[in-house]
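Notes to accompany the following structure.
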Amino acid sequence: MADTKTNRNDIDSYLYINHKMMTLCPDVTAIMDIPVPTADLPAPAGHNRVTRLPKPGARTLFSCSLVGPFMQQPLSQRGQKRQQAILEAATETFLQHGYEGTTLNMIIARAGGSRRSLYDYFGDKQGLFSAVIRYHTDKLVEDVRAIDVTGMPAREGLTVLARNFVFALLEPVNLELYRLLITQAPAFPELARSAYLAGPALLLNELEKYLDHLQRQGQLPASLPTPHTARQFLGMVKAEFQLCALLSPERMPPDSAIDAHIGDCVALLLDNR
């Protein structure tokens, strides 16, 4: 009976947190296209409020931190560093031991601090795993967005975007988190969906807007873009590199070959050759 009660509380906490995150983060809600209930939900035991805590200057979809009952104010600089240390320790531990093999004690031993702090920042193991995936999804998007390409010639801008995209996918931590998320997706379907919407789907949408911008500037062939051009271009530049890195890393081509491949893809788009 105790296990049943615990599971019910976990479900109530999950629903409450997601409701609060959608209520206080309309940017996430809009992208995920999830209706927000008009009636507020009562907070289950152990949860009090959710506070928006964006990184300074960051354009992030995941700028909401789940804050426990003792965290009534935005985090101090020390608190932000503490939270970051827990995220980094959790990332390393989940990648080393997998989700099932990871315990909160392992993460605390690596990060330092107390179990109380971890619960205050992330709630529990499930909340911490979700935060890790969301943090790295957001970071991948930021890496692709690192350079503003709107003022560049089409060839240069598309090459920069494609290169940032491909090499961000091939970062070792992103490869291993992708592997981990795929294995855990059945247990975390909403997390998997939100990671897709805030990562690949968002990048696809932004590329579509950039291609429209290039068309308005007269820098694309008259027949482009079609409704499929952005997806075709991302698929073309990505090729099989991610799968190769995951399944047969010894066969990965050098960076120079990947750069040459990207250049050919850009030429194919712009020159139809």
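Would the stretch 256-266 turn up any residue that is free of Cβ contacts under 8 Å to residues at least 60 places away in the same chain and more than 25 Å from GLU171 (Cα to Cα)? Looking through the stretch 256-266, none of the residues is free of Cβ contacts under 8 Å to residues at least 60 places away in the same chain and more than 25 Å from GLU171 (Cα to Cα). Every test in (1) surrounded by 18 or more Cβ atoms within 10 Å (Cβ to Cβ); (2) closer than 30 Å to PRO225 by Cβ is passed by ALA111 save one, and that test is (2). Checking each residue in the stretch 207-228 for being without any contact (Cβ under 8 Å) to a residue 60 or more places away in the chain, in a helix (DSSP H, G or I) and either crowded, with 19+ Cβ neighbours inside 10 Å or under 15 Å from the mean Cα position of the chain (by Cα) (or both) picks out LEU207, LEU211. For the stretch 170-205, name all the residues that are charged (D, E, K, R) and without any contact (Cβ under 8 Å) to a residue 40 or more places away in the chain. If the condition is that a residue be charged (D, E, K, R) and without any contact (Cβ under 8 Å) to a residue 40 or more places away in the chain, then GLU171 is the only one that fits. Among the numbered conditions (1) touching a residue at least 12 places away in the same chain (Cβ under 8 Å); (2) surrounded by fewer than 18 Cβ atoms within 10 Å (Cβ to Cβ), the only one that VAL166 does not meet is (2). With respect to the conditions (1) under 19 Å from the mean Cα position of the chain (by Cα); (2) crowded, with 17+ Cβ neighbours inside 10 Å; (3) outside any helix (DSSP H, G or I); (4) not charged (D, E, K, R), PHE94 lacks only one, and its number is (3).
Evaluate the following for THR102: is it in contact (Cβ under 8 Å) with a residue 40 or more places away in the chain, closer than 24 Å to PRO172 by Cα and surrounded by 12 or more Cβ atoms within 10 Å (Cβ to Cβ)? It is false that THR102 is in contact (Cβ under 8 Å) with a residue 40 or more places away in the chain, closer than 24 Å to PRO172 by Cα and surrounded by 12 or more Cβ atoms within 10 Å (Cβ to Cβ). Cβ-Cβ contacts under 7 Å between residues 6 or more apart (or on different chains), taken from a first residue in the stretch 235-251 that is part of a helix (DSSP H, G or I) to a second residue that is surrounded by fewer than 15 Cβ atoms within 10 Å (Cβ to Cβ), are listed as CYS244/ARG251; CYS244/MET252; ALA245/MET252; LEU246/ARG179. A count restricted to the stretch 132-177 and to residues that are small (Gly, Ala, Ser) and not in a helix (DSSP H, G or I) stands at 2. Scanning the stretch 229-253 for residues that are surrounded by fewer than 16 Cβ atoms within 10 Å (Cβ to Cβ) and small (Gly, Ala, Ser) gives GLY235, ALA239, SER248.
From the list LEU204, LEU181, the one residue that fits, being closer than 18 Å to TYR135 by Cα and part of a helix (DSSP H, G or I), is LEU181. In this structure, does ASP138 turn out to be under 30 Å from GLN232 (Cβ atoms), in contact (Cβ under 8 Å) with a residue 12 or more places away in the chain and of a type in the set (D, E, K, R)? In short, yes. Every test in (1) closer than 24 Å to LEU95 by Cα; (2) in a helix (DSSP H, G or I) is passed by ALA187 save one, and that test is (2).
We did not get these values from a lab; they are worked out from the coordinates using the rules stated. These figures come from a predicted structure and were not determined experimentally. Cβ atoms come from the backbone with ideal geometry, glycine included; neighbour counts cover every protein chain shown.
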